[in-house]
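Report on the structure given below.
The values are calculated or read from the model by the stated rules, or taken from the named source; none is laboratory data. This structure is a prediction, so every number in the text was calculated from the model and none was measured. Neighbour counts run over all protein chains shown; Cβ positions are idealised from the backbone, glycine included.
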Amino acid sequence: MLVIFLIPSFLFPLGDASLPLVINTWPFKDATAAAWNTLQSGGSVLDAVEKGCAQCEIDQCDGTVGYGGSPDETGETTLDAMIMNGDTIEVGAVANLRRIKNAIGVARAVMERSEHTFLAGESASVFAENMGFIAEDLTTDKSLNIFAEWLKGNCQPNYRKNVIPDPSKHCGPYKPITTLQQDNRTSHINIHSHDTIGMIAIDQAGHVAAATSTNGLRHKVPGRVGDSPIIGAGAYADSSAGAAAATGDGDVMMRFLPSYLAVEQMRAGADPTTACKMAISRIKRHYSEFFGAIICANTTGHYGAACNKAPSLSTFHYMVADSASDTPLLKSVNCF
Ligand code: GLY
(Lines give C-alpha, C1' and ligand atoms only; values in the text may rest on other atoms or scores of the structure.)
Protein backbone atom coordinates (compact mmCIF):
# COMPACT_ATOMS: atom_id res chain seq x y z
CA MET A 1 0.00 0.00 0.00
CA LEU A 2 1.29 3.48 -0.84
CA VAL A 3 1.71 6.01 1.93
CA ILE A 4 1.60 9.68 0.93
CA PHE A 5 2.66 12.72 2.93
CA LEU A 6 1.49 16.27 2.27
CA ILE A 7 4.33 18.80 2.24
CA PRO A 8 3.54 22.47 1.46
CA SER A 9 5.97 23.61 -1.22
CA PHE A 10 6.53 27.01 0.41
CA LEU A 11 8.78 25.14 2.84
CA PHE A 12 11.07 24.38 -0.11
CA PRO A 13 10.99 27.37 -2.48
CA LEU A 14 13.34 25.64 -4.93
CA GLY A 15 12.01 22.15 -4.22
CA ASP A 16 14.30 19.33 -3.16
CA ALA A 17 16.99 18.46 -5.68
CA SER A 18 17.46 14.78 -6.17
CA LEU A 19 17.66 12.57 -9.24
CA PRO A 20 16.01 10.55 -10.56
CA LEU A 21 12.76 12.48 -10.35
CA VAL A 22 9.14 11.92 -11.31
CA ILE A 23 6.66 14.76 -10.98
CA ASN A 24 3.06 14.89 -12.16
CA THR A 25 -0.01 17.10 -12.00
CA TRP A 26 -2.77 16.37 -9.46
CA PRO A 27 -2.75 13.77 -6.67
CA PHE A 28 -2.58 10.82 -9.08
CA LYS A 29 -0.27 8.85 -6.84
CA ASP A 30 -0.62 5.45 -8.51
CA ALA A 31 0.54 7.06 -11.74
CA THR A 32 3.58 8.49 -9.93
CA ALA A 33 4.30 5.09 -8.42
CA ALA A 34 4.01 3.38 -11.81
CA ALA A 35 6.50 5.83 -13.35
CA TRP A 36 8.85 5.67 -10.37
CA ASN A 37 8.83 1.85 -10.30
CA THR A 38 9.56 1.83 -14.02
CA LEU A 39 12.63 4.01 -13.50
CA GLN A 40 13.73 1.93 -10.50
CA SER A 41 13.52 -1.27 -12.50
CA GLY A 42 15.76 0.09 -15.25
CA GLY A 43 13.20 1.61 -17.60
CA SER A 44 13.99 4.77 -19.52
CA VAL A 45 12.43 8.15 -18.79
CA LEU A 46 10.18 7.62 -21.82
CA ASP A 47 9.07 4.27 -20.42
CA ALA A 48 8.41 5.96 -17.07
CA VAL A 49 6.18 8.75 -18.36
CA GLU A 50 4.36 6.33 -20.68
CA LYS A 51 3.70 3.85 -17.86
CA GLY A 52 2.66 6.65 -15.49
CA CYS A 53 0.15 8.16 -17.89
CA ALA A 54 -1.06 4.68 -18.93
CA GLN A 55 -1.78 3.92 -15.27
CA CYS A 56 -4.02 6.99 -15.12
CA GLU A 57 -5.77 5.91 -18.33
CA ILE A 58 -6.49 2.50 -16.75
CA ASP A 59 -7.57 4.09 -13.45
CA GLN A 60 -9.67 6.74 -15.26
CA CYS A 61 -8.03 9.30 -12.95
CA ASP A 62 -10.74 11.65 -11.69
CA GLY A 63 -12.82 10.68 -14.72
CA THR A 64 -10.80 13.17 -16.75
CA VAL A 65 -8.15 10.81 -18.07
CA GLY A 66 -8.89 7.71 -20.11
CA TYR A 67 -12.09 6.04 -21.26
CA GLY A 68 -15.57 6.73 -19.90
CA GLY A 69 -15.09 10.42 -19.11
CA SER A 70 -15.80 13.85 -20.58
CA PRO A 71 -18.40 12.82 -23.17
CA ASP A 72 -18.65 15.34 -26.00
CA GLU A 73 -21.88 16.85 -27.37
CA THR A 74 -22.74 13.51 -28.95
CA GLY A 75 -21.89 11.49 -25.84
CA GLU A 76 -18.62 10.12 -27.22
CA THR A 77 -15.35 10.05 -25.23
CA THR A 78 -12.25 10.90 -27.27
CA LEU A 79 -8.68 11.11 -26.01
CA ASP A 80 -5.67 13.44 -26.43
CA ALA A 81 -2.09 12.53 -25.47
CA MET A 82 1.52 13.35 -26.20
CA ILE A 83 5.00 12.14 -25.27
CA MET A 84 8.30 13.96 -25.75
CA ASN A 85 11.89 12.79 -25.66
CA GLY A 86 14.01 15.61 -24.26
CA ASP A 87 17.24 14.14 -25.66
CA THR A 88 16.19 13.94 -29.30
CA ILE A 89 13.28 16.43 -29.31
CA GLU A 90 11.16 13.70 -30.89
CA VAL A 91 7.46 13.90 -30.11
CA GLY A 92 4.44 11.68 -30.69
CA ALA A 93 0.96 13.08 -30.21
CA VAL A 94 -2.63 12.03 -30.84
CA ALA A 95 -5.79 14.06 -30.63
CA ASN A 96 -9.46 13.26 -30.84
CA LEU A 97 -8.52 9.58 -30.66
CA ARG A 98 -11.55 7.28 -30.80
CA ARG A 99 -12.04 3.67 -29.64
CA ILE A 100 -8.54 3.18 -28.17
CA LYS A 101 -8.08 3.32 -24.40
CA ASN A 102 -4.27 3.56 -24.35
CA ALA A 103 -3.84 7.03 -25.88
CA ILE A 104 -0.33 7.55 -24.50
CA GLY A 105 0.73 4.24 -26.05
CA VAL A 106 -0.58 5.41 -29.41
CA ALA A 107 1.28 8.73 -28.99
CA ARG A 108 4.50 6.78 -28.44
CA ALA A 109 3.73 4.63 -31.49
CA VAL A 110 3.31 7.80 -33.59
CA MET A 111 6.80 8.85 -32.44
CA GLU A 112 8.46 5.48 -32.90
CA ARG A 113 6.57 3.93 -35.80
CA SER A 114 6.10 6.89 -38.14
CA GLU A 115 8.05 9.91 -39.32
CA HIS A 116 5.17 12.10 -38.16
CA THR A 117 4.66 14.00 -34.94
CA PHE A 118 0.90 14.32 -34.58
CA LEU A 119 -2.07 12.23 -35.79
CA ALA A 120 -5.68 13.19 -35.18
CA GLY A 121 -9.20 11.85 -35.35
CA GLU A 122 -10.48 8.72 -37.03
CA SER A 123 -7.25 8.26 -38.99
CA ALA A 124 -5.26 8.21 -35.75
CA SER A 125 -7.54 5.44 -34.50
CA VAL A 126 -7.03 3.44 -37.70
CA PHE A 127 -3.25 3.93 -37.32
CA ALA A 128 -3.53 2.63 -33.75
CA GLU A 129 -5.55 -0.41 -34.81
CA ASN A 130 -2.96 -1.17 -37.49
CA MET A 131 -0.25 -0.96 -34.82
CA GLY A 132 -2.07 -3.60 -32.76
CA PHE A 133 -4.00 -1.45 -30.28
CA ILE A 134 -7.39 -2.96 -29.46
CA ALA A 135 -10.50 -1.09 -30.59
CA GLU A 136 -13.03 -0.82 -27.74
CA ASP A 137 -16.05 1.27 -26.88
CA LEU A 138 -14.87 4.13 -24.64
CA THR A 139 -18.42 4.69 -23.35
CA THR A 140 -19.35 3.62 -19.82
CA ASP A 141 -22.53 3.82 -17.75
CA LYS A 142 -21.00 6.86 -16.06
CA SER A 143 -20.30 8.72 -19.31
CA LEU A 144 -23.77 7.82 -20.61
CA ASN A 145 -25.27 9.22 -17.43
CA ILE A 146 -23.24 12.47 -17.66
CA PHE A 147 -24.41 12.83 -21.25
CA ALA A 148 -28.07 12.10 -20.39
CA GLU A 149 -28.00 14.69 -17.58
CA TRP A 150 -26.54 17.27 -19.94
CA LEU A 151 -29.28 16.68 -22.50
CA LYS A 152 -31.91 16.89 -19.74
CA GLY A 153 -30.40 20.23 -18.60
CA ASN A 154 -30.79 21.86 -22.03
CA CYS A 155 -27.21 21.08 -22.98
CA GLN A 156 -25.56 23.21 -20.27
CA PRO A 157 -22.71 24.03 -19.97
CA ASN A 158 -22.29 24.74 -23.65
CA TYR A 159 -19.23 25.94 -25.60
CA ARG A 160 -20.97 27.26 -28.72
CA LYS A 161 -21.33 30.99 -29.41
CA ASN A 162 -22.72 33.25 -32.12
CA VAL A 163 -25.24 30.62 -33.16
CA ILE A 164 -28.98 30.07 -32.99
CA PRO A 165 -30.80 28.77 -31.08
CA ASP A 166 -29.18 30.51 -28.08
CA PRO A 167 -26.65 27.92 -26.86
CA SER A 168 -26.81 29.21 -23.27
CA LYS A 169 -30.42 28.01 -23.13
CA HIS A 170 -31.00 25.45 -25.83
CA CYS A 171 -29.62 22.31 -27.41
CA GLY A 172 -28.69 22.26 -31.12
CA PRO A 173 -28.49 21.72 -33.96
CA TYR A 174 -27.06 25.22 -34.33
CA LYS A 175 -26.71 27.63 -37.23
CA PRO A 176 -24.41 30.70 -37.30
CA ILE A 177 -25.92 34.15 -36.65
CA THR A 178 -24.90 36.85 -39.10
CA THR A 179 -23.53 39.44 -36.65
CA LEU A 180 -20.83 38.31 -34.27
CA GLN A 181 -21.48 39.33 -30.66
CA GLN A 182 -18.82 40.37 -28.21
CA ASP A 183 -17.18 37.41 -26.52
CA ASN A 184 -18.13 37.36 -22.84
CA ARG A 185 -16.38 34.09 -22.21
CA THR A 186 -17.47 32.53 -18.98
CA SER A 187 -15.43 29.62 -17.80
CA HIS A 188 -17.47 26.47 -17.11
CA ILE A 189 -14.31 24.71 -16.18
CA ASN A 190 -13.38 23.48 -12.75
CA ILE A 191 -11.47 20.74 -11.05
CA HIS A 192 -14.32 18.26 -11.62
CA SER A 193 -15.04 18.94 -15.26
CA HIS A 194 -11.49 19.28 -16.27
CA ASP A 195 -7.94 18.18 -15.70
CA THR A 196 -5.13 16.21 -17.22
CA ILE A 197 -2.21 14.12 -16.18
CA GLY A 198 1.02 15.85 -17.16
CA MET A 199 4.17 14.04 -16.11
CA ILE A 200 7.92 14.66 -16.19
CA ALA A 201 10.65 12.09 -15.56
CA ILE A 202 14.38 12.80 -15.25
CA ASP A 203 16.93 10.06 -14.66
CA GLN A 204 20.27 10.10 -12.88
CA ALA A 205 22.08 10.98 -16.11
CA GLY A 206 19.79 13.95 -16.79
CA HIS A 207 17.70 12.39 -19.57
CA VAL A 208 14.34 14.17 -19.57
CA ALA A 209 10.92 13.12 -20.89
CA ALA A 210 7.42 14.52 -20.53
CA ALA A 211 3.95 13.23 -21.37
CA THR A 212 0.27 14.09 -21.03
CA SER A 213 -3.02 12.24 -21.32
CA THR A 214 -6.60 13.49 -21.03
CA ASN A 215 -10.12 12.94 -22.26
CA GLY A 216 -10.41 16.71 -22.66
CA LEU A 217 -13.33 18.86 -21.79
CA ARG A 218 -16.74 17.57 -20.72
CA HIS A 219 -19.45 18.38 -23.33
CA LYS A 220 -16.88 19.68 -25.83
CA VAL A 221 -17.86 20.34 -29.42
CA PRO A 222 -16.92 17.15 -31.32
CA GLY A 223 -13.47 17.56 -32.85
CA ARG A 224 -12.27 19.89 -30.11
CA VAL A 225 -8.61 19.36 -29.23
CA GLY A 226 -7.23 20.77 -25.98
CA ASP A 227 -3.73 21.84 -24.99
CA SER A 228 -2.55 18.47 -23.72
CA PRO A 229 -1.31 17.01 -27.04
CA ILE A 230 0.01 20.36 -28.31
CA ILE A 231 3.79 20.49 -28.11
CA GLY A 232 4.90 23.34 -25.87
CA ALA A 233 1.38 23.81 -24.51
CA GLY A 234 0.53 20.53 -22.73
CA ALA A 235 4.16 19.67 -22.13
CA TYR A 236 7.70 20.27 -23.32
CA ALA A 237 10.99 18.54 -22.56
CA ASP A 238 14.56 19.39 -23.43
CA SER A 239 17.37 17.54 -21.69
CA SER A 240 19.55 20.64 -21.93
CA ALA A 241 17.11 22.72 -19.85
CA GLY A 242 14.29 20.77 -18.17
CA ALA A 243 10.62 20.07 -18.69
CA ALA A 244 7.19 21.43 -17.90
CA ALA A 245 3.62 20.12 -18.11
CA ALA A 246 0.40 22.08 -17.86
CA THR A 247 -3.17 21.35 -16.82
CA GLY A 248 -6.36 23.36 -16.97
CA ASP A 249 -8.43 25.26 -19.49
CA GLY A 250 -6.70 24.10 -22.64
CA ASP A 251 -8.67 26.33 -25.00
CA VAL A 252 -7.06 29.33 -23.34
CA MET A 253 -3.75 27.83 -22.23
CA MET A 254 -2.69 26.51 -25.63
CA ARG A 255 -2.60 30.10 -26.94
CA PHE A 256 0.41 30.83 -24.73
CA LEU A 257 2.54 27.66 -25.05
CA PRO A 258 3.15 27.77 -21.28
CA SER A 259 5.27 24.61 -21.11
CA TYR A 260 7.64 25.84 -23.80
CA LEU A 261 7.82 29.24 -22.14
CA ALA A 262 8.66 27.70 -18.76
CA VAL A 263 11.40 25.50 -20.23
CA GLU A 264 12.92 28.48 -22.01
CA GLN A 265 12.84 30.45 -18.76
CA MET A 266 14.72 27.63 -17.02
CA ARG A 267 17.22 27.55 -19.88
CA ALA A 268 17.78 31.26 -19.26
CA GLY A 269 18.50 30.55 -15.60
CA ALA A 270 15.14 30.87 -13.84
CA ASP A 271 14.51 28.38 -11.06
CA PRO A 272 11.56 26.03 -11.75
CA THR A 273 9.09 27.83 -9.45
CA THR A 274 9.89 31.18 -11.03
CA ALA A 275 9.63 29.66 -14.53
CA CYS A 276 6.23 28.15 -13.68
CA LYS A 277 5.02 31.48 -12.28
CA MET A 278 6.15 33.36 -15.39
CA ALA A 279 4.19 30.97 -17.61
CA ILE A 280 1.05 31.42 -15.49
CA SER A 281 1.51 35.21 -15.35
CA ARG A 282 1.69 35.45 -19.14
CA ILE A 283 -1.77 33.85 -19.43
CA LYS A 284 -3.18 35.76 -16.46
CA ARG A 285 -2.44 39.06 -18.19
CA HIS A 286 -5.16 38.27 -20.73
CA TYR A 287 -7.40 35.81 -18.84
CA SER A 288 -7.27 36.78 -15.18
CA GLU A 289 -9.64 34.02 -14.04
CA PHE A 290 -8.45 31.13 -16.15
CA PHE A 291 -8.34 27.69 -14.54
CA GLY A 292 -4.85 26.29 -14.82
CA ALA A 293 -1.58 25.14 -13.30
CA ILE A 294 1.87 24.04 -14.41
CA ILE A 295 4.70 21.90 -13.05
CA CYS A 296 8.37 22.54 -13.92
CA ALA A 297 11.61 20.67 -13.29
CA ASN A 298 15.18 21.39 -14.31
CA THR A 299 17.94 18.95 -15.07
CA THR A 300 19.47 19.17 -11.60
CA GLY A 301 16.24 17.77 -10.13
CA HIS A 302 14.88 21.03 -8.74
CA TYR A 303 11.17 21.37 -9.33
CA GLY A 304 8.27 23.73 -8.69
CA ALA A 305 4.68 24.46 -9.60
CA ALA A 306 2.34 27.41 -9.98
CA CYS A 307 -1.36 27.93 -10.52
CA ASN A 308 -3.74 30.78 -11.19
CA LYS A 309 -6.01 31.73 -8.33
CA ALA A 310 -9.48 31.21 -9.75
CA PRO A 311 -12.95 30.76 -8.24
CA SER A 312 -12.53 26.98 -8.39
CA LEU A 313 -8.78 26.74 -7.72
CA SER A 314 -6.93 28.16 -4.72
CA THR A 315 -4.45 25.36 -4.06
CA PHE A 316 -2.96 23.03 -6.62
CA HIS A 317 -1.81 19.53 -5.68
CA TYR A 318 0.83 17.56 -7.48
CA MET A 319 2.93 14.45 -6.90
CA VAL A 320 6.68 13.98 -6.64
CA ALA A 321 8.87 10.91 -6.28
CA ASP A 322 12.64 11.09 -6.08
CA SER A 323 15.50 9.19 -4.52
CA ALA A 324 15.23 11.26 -1.34
CA SER A 325 11.69 10.03 -0.73
CA ASP A 326 11.54 6.76 -2.72
CA THR A 327 7.76 7.00 -2.39
CA PRO A 328 5.24 9.37 -4.01
CA LEU A 329 4.84 12.57 -2.00
CA LEU A 330 1.80 14.82 -2.30
CA LYS A 331 2.84 18.48 -2.67
CA SER A 332 0.77 21.60 -2.78
CA VAL A 333 1.20 25.16 -3.93
CA ASN A 334 -1.01 28.16 -3.23
CA CYS A 335 -2.30 29.81 -6.38
CA PHE A 336 -1.52 33.49 -7.00
N1 GLY B 1 -6.10 20.62 -20.33
C2 GLY B 1 -6.86 19.65 -20.98
C3 GLY B 1 -7.79 20.16 -22.00
O4 GLY B 1 -8.10 21.35 -22.04
O5 GLY B 1 -8.25 19.38 -22.78
Quick check on the range 219-233. Is at least one of its residues assigned to a strand (DSSP E or B) and within 16 Å of the chain's Cα centre (by Cα)?
yes
Consider the range 315-334. How many of its residues are among the polar types (S, T, N, Q) and under 19 Å from the mean Cα position of the chain (by Cα)?
2
Mind checking which residues of the range 126-143 are closer than 21 Å to Glu90 by Cα and of a type outside the set (A, V, I, L, M, F, W, C)?
none
Helices (runs of 4 or more DSSP H) (entirely within the range 97-175) containing at least 3 residues that are over 21 Å from Cys56 (Cβ atoms)
121-130, 141-152
Can you name the residue in the range 242-258 that is within 16 Å of Ala95 (Cβ to Cβ) and buried (at least 24 other Cβ atoms within 10 Å of the Cβ) and, of all such residues, is nearest to the ligand (Cβ to nearest atom)?
Gly250
Out of all the residues in the range 303-326, is one or more without any contact (Cβ under 8 Å) to a residue 40 or more places away in the chain, surrounded by fewer than 24 Cβ atoms within 10 Å (Cβ to Cβ), away from the ligand (no atom under 16 Å from the Cβ) and of a type in the set (A, V, I, L, M)?
no
Residue pairs, Cβ under 8 Å, 6 or more apart or interchain, first in the range 216-238 and over 15 Å from Gly248 (Cβ atoms) and hydrophobic (A, V, I, L, M, F, W, C), second assigned to a loop (DSSP other than H, G, I, E, B) and away from the ligand (no atom under 12 Å from the Cβ). List them.
Val221/Glu73; Val221/Arg160; Ile231/Thr117; Ala237/Gly86
Taking Thr196 as the residue in question, decide whether it is away from the ligand (no atom under 16 Å from the Cβ) and modelled with pLDDT under 95.
no
Counting only residues in the range 70-80 that are within 11 Å of the ligand (Cβ to nearest atom) and not aliphatic (A, V, I, L, M), the one surrounded by the fewest Cβ atoms within 10 Å (Cβ to Cβ) is identified as Ser70
Tell me yes or no: at least one residue of the range 216-224 is in contact with a Phe, Trp or Tyr (Cβ under 9 Å, 6 or more places away or on another chain) and away from the ligand (no atom under 14 Å from the Cβ).
no
